[in-house]
Amino acid sequence: MNQNLITVGWREWISLPMLGLPWLIAKIDMTKTTSVLHTFSTEPFQKDGLKMIRYCIHPYKHNNDVTVSCESPIISSRETLDAFGNKETYYFVETIINIGDVQRSIILELVNRKHANFLLLLGHTAIDGRCIIDPSKSFLLKAPSKEELNSLYKHMSQN
């Protein structure tokens, strides 16, 4: 067995430093291949000939007071039809994730999941070969205090 594996619970505090998100709760979802991040106000644009996307995130679950605005290069996109036959475009971006002491590059699908319980679902490609999941436990890794969260996010925009 690989000695470098860390044990994680079915949900953990993670960070997405390239997106300006020092702490965010993620659900580890081994039934999903890709990882999905809840975003809103997505707006594709061009910058120096590169396809980019602007989007916003509310890092606190059920709290819309703090908004983090991000810009990322689009690595791919996919068009699909929703349940009502309306065309939707899903965008994929690459970023860095920190899970405990593990840091790696991952691909995130940006989706408006405003009614979901978790802002971030981590699919198995994000953690394969780096983590062992204990589905009976949560928050096995370092977690921020409420004071730390408030301090870190107080400089973010207020709605």
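Rule-based calculations on the coordinates, nothing more; no lab input. The structure presented is a predicted model; accordingly, all values stated were derived computationally and were not measured. Cβ: placed from backbone, ideal geometry, glycine included. Neighbour counts: every protein chain shown.
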Nearest-20 debye value, segment 50-130 charge dipole, Cβ charges on Lys, Arg, Asp, Glu: 60
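Pulled fully out, how much extra length does the chain show between Q103 and E148, if you take 0.36 nm times their separation in residues and subtract their Cα-Cα distance? Before the final figure, lay out each step's value.
Details: separation 45, 0.36 × 45 = 16.20 nm, distance 2.11 nm.
That works out to 14.1 nm of additional length.
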In segment 20-74, trypsin sites (Lys or Arg not before Pro) in a DSSP loop with at most 16 other beta-carbon atoms within 10 Å: K32, K61
Ellipticity estimate at 222 nm from DSSP helix runs (n ≥ 4, -39,500 (n - 2.57)) divided over the chain, nearest 500: -1500 deg cm²/dmol
Under the Karplus curve 6.51 cos²θ - 1.76 cosθ + 1.60, θ = phi - 60°, whole-Hz ³J(HN,Hα) for segment 64-80, x wherever Gly or Pro sits: 9, 5, 10, 10, 9, 9, 10, 9, 9, x, 7, 8, 6, 8, 9, 9, 8
Set of aspartates and glutamates with alpha-carbon distance to K142 below 14 Å, sequence-local pairs under 8 removed: E12, D101
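Once the piece of chain linking D48 and T67 is laid out straight, how much longer is it, given 0.36 nm per residue of separation minus the C-alpha distance between them? Numbers along the way, then the final one.
Values: separation 19, 0.36 × 19 = 6.84 nm, distance 2.62 nm.
Length gained, D48 through T67: 4.2 nm.
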Set of aspartates and glutamates with alpha-carbon distance to K87 below 17 Å, sequence-local pairs under 8 removed: E43, E79, E109
Sites I75 and S41, calculated FRET efficiency, Cβ-Cβ separation with R0 22 Å, nearest 0.05: 0.65
Residue with peak Gaussian network fluctuation, the chain [Cα springs, cutoff 10 Å], from A26, A126, A116: A116
Cα pair count fraction exceeding 19 Å, expressed as % - segment 40-149: 58
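Chymotrypsin sites (Phe, Trp or Tyr not before Pro), restricted to segment 56-124: which are DSSP loop and have at most 10 other Cβ atoms within 10 Å? Let's see the in-between values first.
Details: sites: Y60, F84, Y90, Y91, F92, F118; in loops: Y60, F84, F118.
Filter output for segment 56-124: F84.
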